[in-house]
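Just below is one structure, and these are the notes that go with it.
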Protein chains: 4
Amino acid sequence: MASSTARGSSGTVKLRADAARNRTQVLAAARTAFRELGTAAPLDEIARRAGVNIATLYRRFPDRDALIRQVVVDGFTLVLQAAQAALQSAEQDPLGAIENYLLQVVDQRDLIVLPLAGGPVTDDPEANALQQQIAAALDELIATARTKGAIRTDVTAVDLTITSVLICRPMPYLPTEDATALVTRHARIFIAGLAPGAAQPLPAPPAYEDITSRHLSQTI
Amino acid sequence: MASSTARGSSGTVKLRADAARNRTQVLAAARTAFRELGTAAPLDEIARRAGVNIATLYRRFPDRDALIRQVVVDGFTLVLQAAQAALQSAEQDPLGAIENYLLQVVDQRDLIVLPLAGGPVTDDPEANALQQQIAAALDELIATARTKGAIRTDVTAVDLTITSVLICRPMPYLPTEDATALVTRHARIFIAGLAPGAAQPLPAPPAYEDITSRHLSQTI
Amino acid sequence: MASSTARGSSGTVKLRADAARNRTQVLAAARTAFRELGTAAPLDEIARRAGVNIATLYRRFPDRDALIRQVVVDGFTLVLQAAQAALQSAEQDPLGAIENYLLQVVDQRDLIVLPLAGGPVTDDPEANALQQQIAAALDELIATARTKGAIRTDVTAVDLTITSVLICRPMPYLPTEDATALVTRHARIFIAGLAPGAAQPLPAPPAYEDITSRHLSQTI
Amino acid sequence: MASSTARGSSGTVKLRADAARNRTQVLAAARTAFRELGTAAPLDEIARRAGVNIATLYRRFPDRDALIRQVVVDGFTLVLQAAQAALQSAEQDPLGAIENYLLQVVDQRDLIVLPLAGGPVTDDPEANALQQQIAAALDELIATARTKGAIRTDVTAVDLTITSVLICRPMPYLPTEDATALVTRHARIFIAGLAPGAAQPLPAPPAYEDITSRHLSQTI
DNA sequence: GATGAATGAGTTTTCATTCAT
DNA sequence: AATGAATGAAAACTCATTCAT
């Protein structure tokens, strides 16, 4: 999928084997470079890490934005998979399903580059579509849990969204294991806070529409 | 303070009025530029936003690092104040004190630029000192709360630290109010999760020392 | 004028002496480079010829277009001066005035870089204004000459315009003197052809409006 | 001819049908690209316009020069045909023959890419030969006309040459019909100026030898 | 014979930093 | 103290050319 095809003017096309390999390597290098250096990371540094010539990078991704977009789409795909996997067990164990979702996001946070300081994600249709699917899945997850009385009634899918974003923010100067350990703890405490009866009611979240499209496309 | 003095070879000196004003403006511009563009934001862009010449910026801050350092120190100062303020009420209402701390950080998150992707904070003695004071205050806050049985026993000051970091991460493409609303909700749920009896015990956090000094100076 | 001022967002500003000198040199270098290599001439080659750093060139002219535009405007200015000078003697000697105009353009053709292959002139207001003044002056020149019966009645100002363009086209691989000699002869024959009674009536020219604005701005 | 053969080490060879078609398309694309963008036009842009792969272009034309050379030779061929056609009627109507020549050049100017700013034509034997034949034909045309007293005695074949060059210069930003109309008028006026008795004697042209070979090969 | 792909060598453009006013 | 200006070095981007399929 993302790793072996490219979109041209006439839809998705199959790449030659070596080209597909290069494309994958560039994306992997971009992912880590973006996390370490921000989305303004030098493109030739990315090419170097990927072991390809800078012009090869440009052949696959005509500009920085195209590269960012694909990295983001790849990340969104993983998030969607986590959400859909969680839905499987939502009926039996709603809170556990939410926990599974968040912890899976934590585990894969190195691969999930949500838009960072330094560069917007333009309105990419693929990203937008994924985003809506994620929202739908999280909505269902929350609805199921609420129906079963497994979570506070004032928690919404938006809260899972923003938590996903925060969890995935890179912390470049912490060793990966430490960052993961800290974020895991954070997620666990957050999940505990989802349980009903615990606390004061939450203030109203912004309307989902207000943070969608352009805006949310930037942050998850 | 930070806005009207500068450290030279002979210690802190009083600036001329216009110079002090320029310095303040540069710091404000840097703060927002860092949040929007990352700490690699062009220095002349910062000068432009501050309405001063690039050479004037250089006169105040010999290099990018000096500028970052001061912005971070200003942010740390605010965090420390929030922590110390919270300590005042810790005896009477420990969980409320923690809540006060976190919500105050949320409220001021626009002013708190904790180190971002794109540039490390070098070992600044002033930043390090503040960081230790923050750690001490949060330690005391947690200790008091734990003694009073107001929080789960497996929660530590480190959890407050990492939460502060996550809360303050910029979300450049969300309108400020929306970002704040979302983060506020996140903080409230997290705080609820701090209450005792709620959940499964947490995994052990990394040793505080492991994430301190160079490392933590980068992430809080 | 063009050599010592620059237009910023707040109108025309006086340049520092050294900056003005650099600006002039860059324009001179651009003029010849454009004639020799086309408007796609490497900008660093132009900077080199001007004896300034490439970044200095960019400081004065934010992109290639700005540079082209100014070179064109400078050329248009010379053409306008030639047309207005010719008007002085139009009453006494109409055909001689036209001849003076064309031969003056020939003489200065090295300084007159009318838009060349390789780069459009965007709709620059200054260029457009000059162009209209040129058209007005040539119109008057032709009208006077026609009234006096000094030229064929089917000749129009457009014919002078297009002739100016052709005359000024660079011939990079001819020695300057040869090119000038050849073009001078060409102009003289053309002028002879303007006399009345000589030849068959010409086919109608395109409407002036049709070749004005965007279009004519490209060719004179 | 030019469109269906290629010169290899063993002389001219017949191309396979598809190869010949590709070659023709490349030449046509090159012709327009050169007129629009100058002879420095990107080769892959030319390949794109021709609908062939860049490597296919290279197979036919080993370098840019070979491509330019063929385009120029094709143009020279058309010019020669026009000159020779004009010679047919030179005896009966000398001035009409000259007019026929120039107007035919005007009509075909889109197909005639005489060397442009941006790149020299190397000394191609085929081009040189054509050029000499053109010069001979124009010489004869002028000689005949002069003998018959149909033109001014100070006009030479060089004047026809330079006029041909000027006429053919591309005016990329004018609609083709407008450009042609304007140039047609220009040519008609010029032709009128050729008639005897009209004007002051012209200054001497540069010696034919001085502008021949390398130089003239660049400009006609 | 044709093409997708890769690359090295430019060229353009930006930016941190220093200098002269 | 502040600014306009200049510059070297880096980064973005393009393009001619060759190679493998």
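No lab work stands behind these numbers, since they all come straight from the coordinates. None of these values were measured; they are calculated from a predicted model. Note that we place each Cβ from the backbone using ideal geometry, even for glycine, and neighbour counts take in every protein chain shown.
Need one value for A:98-110: mean number of C-beta atoms belonging to other chains within 10 Å of its residues' C-beta atoms.
Per-residue shielding by partner chains comes out at 0.
Could you tally the net charge around A:Ile112, taking each other residue with its Cβ under 13 Å from the Cβ of A:Ile112, Lys/Arg +1 and Asp/Glu -1?
+1
Which order do the peptides A:100-110, A:172-182 take when ranked by the mean count of other beta-carbon atoms within 10 Å per residue, highest first?
Taking the mean over residues of other Cβ atoms within 10 Å, the ranking is A:100-110, A:172-182.
Around C:Thr153, what is the net charge, scoring Lys/Arg as +1 and Asp/Glu as -1 over all other residues with Cβ under 13 Å from its Cβ?
Once all neighbours under 13 Å are counted, the net charge is +1.
Using the alpha-carbon centroid of each, what span in Å lies between the range A:82-115 and the range B:167-184?
The range A:82-115 and the range B:167-184 have Cα centres spaced 23 Å from each other.
Return the average number of partner chain Cβ atoms within 10 angstrom of each residue Cβ along peptide D:165-175.
Working: counts 6, 9, 1, 0, 7, 3, 11, 8, 11, 10, 4.
The mean count of partner-chain Cβ atoms within 10 Å per residue comes to 6.
With θ taken as phi - 60° and the coefficients 6.51, -1.76 and 1.60, list the Karplus ³J(HN,Hα) couplings across the range D:72-89 in order, rounded to whole Hz; mark glycine and proline as x.
Coupling constants for the range D:72-89: 5, 4, 4, x, 4, 4, 5, 5, 4, 4, 4, 5, 5, 4, 4, 4, 3, 9 Hz.
Return the average number of partner chain Cβ atoms within 10 angstrom of each residue Cβ along peptide D:152-162.
Rounded to a whole number, the mean comes out at 3.
Would you mind listing the distances between the A:Gln108 label point and the same position in each other copy? Use 7 Å along Cα-to-C-beta, nm, one decimal, shortest first.
From this label point to the equivalent ones elsewhere in the assembly: 3.8, 6.6, 6.9 nm.
How big is the gap, in Å, between the Cα center of the range A:12-71 and the Cα center of the range B:25-49?
A separation of 28 Å, based on Cα centres.
Count charges around B:Glu45 for me, please; just the other residues with Cβ under 15 Å from its Cβ, Lys/Arg as +1, Asp/Glu as -1.
Working: positive: B:Arg31, B:Arg35, B:Arg48, B:Arg49, B:Arg64; negative: B:Glu36, B:Asp44.
Taking every Cβ under 15 Å from that of B:Glu45, the sum is +3.
Using the 7 Å Cα-to-Cβ label point, sort the distances from C:Glu45 to its equivalents in the other copies shortest first and give them in nm to one decimal.
Between copies, matching label points for C:Glu45 lie 1.5, 3.3, 3.4 nm apart.
Estimate the FRET efficiency between A:Gln132 and A:Thr24 by the formula 1/(1 + (r/R0)^6), using the beta-carbon distance for r and 30 Å for R0, to the nearest 0.05.
0.70
Which distances, in nm and shortest first, link the C:Asp93 label point to the same label point in every other copy, taking 7 Å along Cα→Cβ?
For C:Asp93, the inter-copy label distances come out at 3.7, 10.1, 10.6 nm.
Given the rotation that superposes chain B on chain D, what residue of B brings its beta carbon nearest the axis, and what is the distance in Å?
Nearest Cβ to the rotation axis, residue and whole-Å distance: B:Pro42, 16.
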